[in-house]
Ligand code: HEC
Ligand code: HEC
């Protein structure tokens, strides 16, 4: 009787131990999964990875062509003629407050300002192939540089805050959901909804523009926000220079501060 009791205490002890070990394994596996989530692009298969790689190189090549083209505008000045050797590492600090535009501007918006005012040309349609190709090329010049939001503090806090509020706003779309309904903890946590992976949004701003499998083209962060807004919140897509889209991008970029820019690169 006494022996039995001792034995059962012992086996209970062992069972508890096994349970704790298993629990620890599950927890560490979960953390590993979450941490590695943004280190590398996740593709369903090798074919998808191949398509993305090919399309990004194609866009990069087009972007470089535009950068060196003296006929981009009407005054014979290429982007390269004023920004030699691609000294555009400041791409790491967009969106950025532009006093001259009196607003926070994305890199695409800044390129349009440059082509009109410096090259005396026509602005690109935001989100078009050429506009995105140029952004991808300019971002690639800043590859490896950590994202560093060098905005005046006042504007920086104001716009990040605006984006954070919109992120949790259930009135933003038309299905009473907010970004936060899927992207938990302000987007800082990986999640699953109906067995679909909802990516952790930390660090992702450093990977745009990139090829989107869902959209079948190279997109900017602004376009990904619009995509979720339209497809997951039943909202209407916003113009890509809309203040709310830019505010979302500011908030999302704040989740990537310090993260090294890692867009496609030309060999
Ligand atoms: C005639 C000379 C000239 C040409 C041509 C020109 N730029 Fe610029 N660009 C400037 C000057 C000057 C500035 C302001 C520099 C500053 O803000 O410190 C500037 C600023 C910029 C910035 C902002 C940089 C920052 O500090 O954030 C970007 C981006 C940019 N140009 C892109 C382009 C692109 C893309 C083209 C080609 C379509 C182009 N530029 C053509 C002269 C030029
Ligand atoms: C119903 C769930 C859902 C909602 C709501 C939602 N998203 Fe998403 N989001 C996803 C899924 C799923 C993906 C994965 C890729 C895809 O489907 O485009 C994603 C991807 C993203 C990405 C790209 C991440 C990467 O790895 O590059 C960003 C950025 C993003 N969402 C932002 C937002 C913003 C901002 C909102 C609110 C306007 C929002 N999402 C609302 C489900 C959602």
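Taken together, the values in this text are just the output of simple stated rules run on the coordinates, not laboratory data. Note that the coordinates shown come from a computational prediction; the quantities given were computed from them, not determined experimentally. Methodologically, a virtual Cβ is constructed for each residue, glycine included, from the backbone with ideal geometry; neighbour enumeration extends over all protein chains shown.
Computed quantities for the displayed model
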item	result
FRET efficiency, 1/(1 + (r/R0)^6) with R0 25 Å, evaluated for residue 153 and residue 101 via beta carbons	0.85
Residue exposure sequence - 106, 16 - by fewest surrounding Cβ within 10 Å	16, 106
Between helix 221-232 and the chain: long-axis angle, C-alpha atoms, 0 to 90°, nearest 10	60
Among 217, 154, 190: highest mean-square fluctuation, GNM of the chain, C-alpha pairs under 10 Å	154
Residue 22-residue 61 pseudo-label distance in nm [points 7 Å out on the Cα-to-Cβ vector]	5.5
Ranked 162, 41, 102, 54, criterion: other C-beta atoms within 10 Å, fewest first	102, 54, 41, 162
Mean Cα-pair separation over length for the chain, i.e. relative contact order, pairs under 8 Å, 6 or more apart, %	22
Value of [θ]222 nm, deg cm²/dmol, for the chain, DSSP H segments ≥ 4, -39500 (n - 2.57) each, nearest 500	-15500 deg cm²/dmol
Label-point gap, in nm, between residue 234 and residue 48 - each point 7 angstrom along Cα→Cβ	2.7
Simple spin-label estimate for residue 257 and residue 10 in nanometres, 7 Å along Cα-Cβ	5.8
GNM top mover of 161, 117, 143 - the chain, alpha-carbon springs below 10 Å	117
Most mobile listed residue (88, 149, 109) in the chain, GNM with C-alpha springs under 10 Å	88
Sites residue 171 and residue 118, calculated FRET efficiency, Cβ-Cβ separation with R0 51 Å, nearest 0.05	0.80
C-alpha long axis of helix 2-36 to longest principal axis of the chain, angle in °	0
Residue 85-residue 195 FRET efficiency (beta carbon distance; Förster radius 45 Å; 0.05 resolution)	0.40
Alpha-carbon gyration tensor eigenvalues x 5, square-rooted, for the chain, Å	44, 21, 17
The chain: angle of helix 129-140 to the longest principal axis, Cα-based, in degrees nearest 10	70
Full-stretch length increase - residue 214, residue 125 - with 0.36 nm per residue and alpha-carbon distance subtracted	29.9 nm
